[in-house]
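Before any comments, here is the structure.
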Amino acid sequence: MSEESRALSPVFERLLAVGFAHLAPGAVTVLTARSEEGQSLFEPPVSWHAVEEPSWEGLAASATRLLGQGPLLLVPPWLRHAVSRSVRGRAGARFVYDDVLSACRPAGAGSAMAVLTPVELWVSDSPRAAELRRTLAEHWDTLAVLYGTGLIPQIHRSYMVAAVFLKAKQAHRPPMKVMRMPHTDDVASVEKDFEVLLQRGGGSTRYGYVVRELPPPGESLDFDRHHPDVVSQQADLAGFGSLTTLGTLYDAVPRINMTADAQWITTEEQPGAVRLLGGRDVLRDGSISLATDESYWVKAPPRYLLRPGDLILREIHGPHDPPGLIVAGVAEQNLPAAASHMTIALRPRAGTTSQQIRLVAQFLRTPLADRLVGRSGAHITVKRLLELPVPQPDDALATALDDLAAARQRLETWAKEAETLLGSAFTQKTASQARDRIIDQGRGLRQRVEAATLLDDLGHTVRTRFPLPVAYRWRETEARMSAGDQQAAYSAILETAEILLCYTALLALALAWEARIPLGSTAAIKEKLTGGRSGPGLGDWAAVLQEAAGNRQLRGLPHEHPIHGIRSLLASQDAADARWRLSKRRNDDAHLRRLDPIDLPPAIAEAFTDLTLLAERARFLADSPLWHVTETRWDSLTQTAQVHYRELTGDHPVVPTKTVLSSRNDLEPGSLYLRDASHEIHLLRPFLTGQVCRVCRAWSTFHADLVPKGSVQLKSLEHGHVLPQPPDTASALSAVGLL
């Protein structure tokens, strides 16, 4: 082999030189041991002094001696100690470098060296590797870790190597720099990146990062495990509800080692034989491949047998595989089967819910799960997998997952019905019968799809799924715009915007009062109510929503609380801008600064665009229906209440009465409630009330508008009619701080 063919890759050689220059300046000595074949792993740079020990047993003592002269690059042999194949297959064996490194000692306080080893030593969770890292930490601080592939000529290009810079242990551990070398010919950019990284006290560069809060000595130093981006994303997982480890939800299923358990391997024809699933049998689409002539079969003890609902993952993932773990669910048609040591099989524990199972299976396929498990090594360990943090759904997310699963099942049922109907086109006795069957039975399917497609239309969603006050106003807006009366259409758009903000602001006030969180914006509303001249308007409702968006106490309420949807309405800049433009138009219109008829068409288009944006941001209202409780019957024996209510969803107040059981005995007949996505209900009285309007005789929703001389007047959200109220209404408004 020529010297050129045994030379280190240019980028690796340069990074080693940069590392020594920053961390251990001086003339570098390369220390190796002669191999059985009489060759070394690589040819050291000509500017570095090379020392070769006749055998590995003398490396540790020689390293200590040479460290007294200056920095050292130690390249111990990567051979295993000789052991039986059965021991190697089950527990692995010690490497020669284990003994060399555990015996290495600094020559003095300034001793520094770099160690060149397989990546496994630094990233593996095996007890052997963790113990060696702890032993090294007793005498050395880890200053920098370089990972890369294709760096040493005699090692396969896919094999990952680690170069770790160590310095004699100090009283305070310095920050650690970690870098993964990219595959590029641009040596200068990589070298510059490493130089910048070595000079930084925190943060990250393009190819590396600084670890300021150092992990325990025995913990894995996998590149992704401590990357700031991964740490941040892991913390963000709690936004799903909470975090736990995979091991609290799943148990590992025993696997069959094809070397150590070779006596169990048999043929498919043998009685009791089950299929042995390997890594290649777990497909990227989340399924398990069909058996082929190359499949293995075993006679496995019962504890190895897989069950429906188990998860099975590929145990090996290459550095160039797409991000995300390759995992499949075990179904009845995949059985009987057992898992080989080239996979990891997991079984849900007894208390694991279906929602948790669905969320975990989806999370495991994400790039984040892949990075948390670790991509520096080729193998995924069971220990690391069971320690993987996984998100837990809260009540709202669990309900949403159930609803999605039900929706998917319904859609799959429709698809099967359509396939069956299409397949029957030529199975009838006559073409006429086939034609009539497809037309008649296909009509229902077509209508279901058409109804579902309408939900993509925001207008249809608002008219049919939004609460009555908003849906009613939206319908009137669409009707006015289609009728051609431009001034009426323009006014309807602005009034709908006001009612949308009014309704959501009243919800915010009611929910904040329920949580005993005061809002300063109620002061302006109180002043207008008692002023007796003009009630609260669009600006006041916007002020409530803007305060709710930034209120720290509201932000601290549980994730599933309905206030968070309301807080998001005006949180974005585009929504705030749209609200401001609509407020200005509404103010101009109310003060008779009317537009010229020529300017009305573009103004209508612009205003409706802004209204549409706000309605889009308010889609959460479709999941929070307005309830009018009409009657309650409490059963003291069962501690449940039978609640009769009307769900005021859509643009018409005439809706059927429904019944539900509740554990609450404080529900008020005649009052309005908000039911949130977790099926909890929240009292809206006296911020929002409902009754039959004395003016138009239609059932309507009302809010307090004026309190002249102590007499409360209510205004309808649907049509603006004003009604006087009895004196006790004022006491209710006083109780919640509006009077």
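Assuming a viscosity of 1.002 mPa s and a temperature of 20 °C, what translational diffusion coefficient in µm² per second does Stokes-Einstein assign to the range 460-619, Rh being the Kirkwood radius over Cα pairs?
Values: Rh = 16.4 Å.
For the chosen part, D equals 131 µm²/s.
How much space per residue, in cubic angstrom, does the convex hull of the C-alpha atoms of the chain take up? Kindly include the intermediate steps, with their values, before the conclusion.
Numbers: hull volume 207.8 nm³, N = 739.
Taking the convex hull of the Cα positions in the chain, it is 281 Å³ per residue.
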Query - Average Cα contact separation per residue, the range 10-222, under 8 Å, 6 or more apart, as relative contact order % - result: 19 percent
Query raised in the report: Once you treat every alpha carbon in the range 98-234 as an equal point and sum by Debye, what is log10 I(q)/I(0) at q = 0.09, 0.11, 0.19, 0.21 Å⁻¹?
Result: -0.26, -0.40, -1.23, -1.45
Requested in this report: Using a 10 Å cut-off on Cβ atoms, rank the peptides 142-149, 677-684 from the highest mean neighbour count down.
Outcome: 142-149, 677-684
Query raised in the report: Short version: what are the Cα gyration tensor semi-axes of the range 566-722, square root of 5 times each eigenvalue, largest first, in whole Å?
Result: 36, 20, 14
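Expressed as a rounded percentage, what relative contact order does the range 489-555 have, with Cα pairs under 8 Å and six or more residues apart?
On the way: 45 pairs, mean separation 27.1, N = 67.
Value for the range 489-555: 40 percent.
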Query raised in the report: Within the chain, what is the number of lysine pairs with alpha carbons under 29 Å apart, leaving out pairs fewer than eight places apart on the same chain?
Result: 16
Query raised in the report: How many percent of the alpha carbon pairs in the range 10-222 exceed a separation of 27 Å?
Result: 27 percent
Query raised in the report: Percent of alpha carbon pairs in the range 234-393 separated by more than 25 Å?
Result: 29 percent
Report task. Give the residue from G520, H561, L600 lying farthest towards the positive end of the charge dipole for the range 513-605; charges sit on Cβ (+1 for Lys and Arg, -1 for Asp and Glu) and the dipole is referred to the Cα centre. Result -> G520
Report summary line: Burial-style ranking of 118-125, 470-477, 382-389, average other-beta-carbon count within 10 Å with highest first, yields 470-477, 118-125, 382-389
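Once every DSSP H run of n ≥ 4 in the chain is given -39500 (n - 2.57) and the sum is divided by its residues, what mean residue ellipticity at 222 nm do you get, rounded to the nearest 500 deg cm²/dmol?
-12000 deg cm²/dmol
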Query raised in the report: Rule-of-thumb check for the range 637-739: C-alpha Rg over 2.2 N^0.38 Å?
Result: 1.19
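Tell me the relative contact order for the chain as a rounded percent, counting alpha carbon contacts under 8 Å between residues six or more apart.
Here the relative contact order equals 8 percent.
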Query raised in the report: So, how do all the Cα-to-Cα distances of the range 184-269 break down into 10 Å bins, in percent, from 0 on up?
Result: 12, 24, 24, 16, 17, 5, 0
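Throughout, read-outs are computed from the coordinates displayed, never taken from laboratory work. Everything numeric in this text was worked out from a predicted model, so none of it was measured. Backbone-built Cβ (ideal geometry, glycine too); neighbour counts: all protein chains shown.
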